[in-house]
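The values are calculated or read from the model by the stated rules, or taken from the named source; none is laboratory data. Everything quoted here is computed from the prediction, not taken from an experiment. So basically every Cβ, Gly included, is an ideal-geometry build from the backbone, and we count neighbours across all protein chains shown. The accessibility values were calculated without ligands, DNA or RNA, using every heavy atom of the protein model including side chains. Shrake-Rupley method; radii C 1.70, N 1.55, O 1.52, S 1.80 Å.
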Amino acid sequence: MRGLLLLLGLRLLAADLIQVQVISRAGAHKWHFPSKQWRQESAALLPAGFVGMEELGQVLKARYIGLAASMPLANVSDIYQFGDALIRTMAREQTVQSADAITYGVWSPVGRAVRGAPLTGGHQAVPVFTISPAMDYLLSAYRACPMVDFVVDTFMNGSDYQKKENATLGIRTQLGTLLNMSSELIMMPQLYDRVVLATLYGDMPSAGEILPALSPEQMVALEDMANFVEHGKFSPTETGILCGGPLLSEIFGRMEAMIGESPYRRVPFLGYIGTHSTLNCLLSILNASDPAVAPKIHPYGSSLIFELHKEGDDYYLNTLFLSGGSMDFRPVHLGTNPDGPCGNRNMLCPLEEAQAILKERLTPSLVDWCDACGSYFMPACNQALQIKMSSALNMTSPVPKGDKKGRGRRLNPVGAAFIGLFAGILLAVLVAVFGPKVGQIWANRRDGGAYHPRGEEMDGGGGGIEA
């Protein structure tokens, strides 16, 4: 085994590392889940969370950044230069703060001049970009796509879920009472997170309150139920495509930019910071056979890493998983053939083969994602709806030569049908919204009253002002 690992190491050293993309779960933060919801909301990082994410940055730096790195990233030094990196996060306090902490670890304070201008305190400022969750279909797709909720509901109504629910009723009731939280099976990841944050990171529910300690058996049972729920929500391939397909397409698009086959700007280091759901969406798409990299509750700071290597005129992909708090870069198998380049981790995976394996799981465009989600009325799909409408609104098509009635163009049936459907939906919405008000105006005027926009009847109407 040692000889095989040495062979892989020599192969990696022979190829130039030209790009690294890191997708990370945010660091440990204050616990904040709205009641009866399984999605984490915005919350500040805990002090230990800052430390953990800075240490993640230092681990990445030791492997990739600078002359002292074990596998230096080409043309990127420990002195940050504009264009070296693109860091994108969800619009959540914990993700933005995690991005700052990671970049602080990767491009640590140098205390010397950069381009002739001394940095304040030696700190290197690395830009971090974010976007509203409602518009973010890369990192927040699991929140914005209604079909994800449908898949989760399907899982909750399935036989496996029902069996697990019946088998764990006793321990769930016990834990819910002990922790003063919901005992529903779907909420077990939240209970697990609550316990981990309190026991490992000191985040108590409120000042002076102490969370009851769980026995080892209770903790094992809680973790098992939490991982069952997370794996069930994100293991179906369709879930991964819906919530991870756009991000994986972005990742491959950035690789293609590095080899000159994409309009994207060339960026050697890219970081994406989201929640554990963001990470699980990608792990679901990869469908790796290794249980260690399957969708489940991974520690804070866990990361999926894509390395792009160049050897001669050929490009290769190396996919790794780094569990939070660990320095062990674990290989991720992309292929189902254990003897093939993408299944045997003693060889790098040719980029074209990796793309072929994952081709059906990508979501190449925003229009494709909106189609898959089944709705163009999501905020993130406004632009896609405009594209779809502009295509459909090209309603005229050439009239056959034998048709003397036209003037050279005729109505496109597909465009007409789309516009008819859209107009019908719009009319239904308008009737639903304004219909009652119109009816009230007509009734008031019929009875001699004047309509007031706040729903008040005045000037001798039928009953005065209604509170």
Original post:
assigned by the TED database to the domain that holds residue 323, without any contact (Cβ under 8 Å) to a residue 24 or more places away in the chain and under 22 Å from residue 19 (Cα atoms), is that true of residue 272?
Top reply: no
Subject >> Residues satisfying the stated conditions in segment 216-252, i.e. touching a residue at least 40 places away in the same chain (Cβ under 8 Å) and among the β-branched types (Val, Ile, Thr) >> reply: 229, 237, 239, 241, 251
Subject >> In segment 293-328, residue surrounded by the fewest Cβ atoms within 10 Å (Cβ to Cβ) [restricted to those that are under 17 Å from the mean Cα position of the chain (by Cα) and assigned to a strand (DSSP E or B)] >> reply: 305
**OP:** Sort out which residues of segment 243-278 are surrounded by 16 or more Cβ atoms within 10 Å (Cβ to Cβ) and either among the hydroxyl-bearing types (Ser, Thr, Tyr) or assigned to a strand (DSSP E or B) (or both), and write them in order of number.
**Re:** 249, 269, 270, 271, 272, 273, 274, 275, 277, 278
**OP:** Restrict the check to segment 329-341 and report whether at least one residue is open to solvent by 10 Å² or more (accessible area, probe 1.4 Å), under 30 Å from residue 93 (Cβ atoms), out of contact with any His (no Cβ under 6 Å at 6 or more places or on another chain) and not in a helix (DSSP H, G or I).
**Re:** yes
**OP:** Select from segment 78-89 the residues that are free of Cβ contacts under 8 Å to residues at least 60 places away in the same chain and either over 13 Å from residue 103 (Cα atoms) or open to solvent by less than 10 Å² (accessible area, probe 1.4 Å) (or both) and list them in ascending order.
**Re:** 82
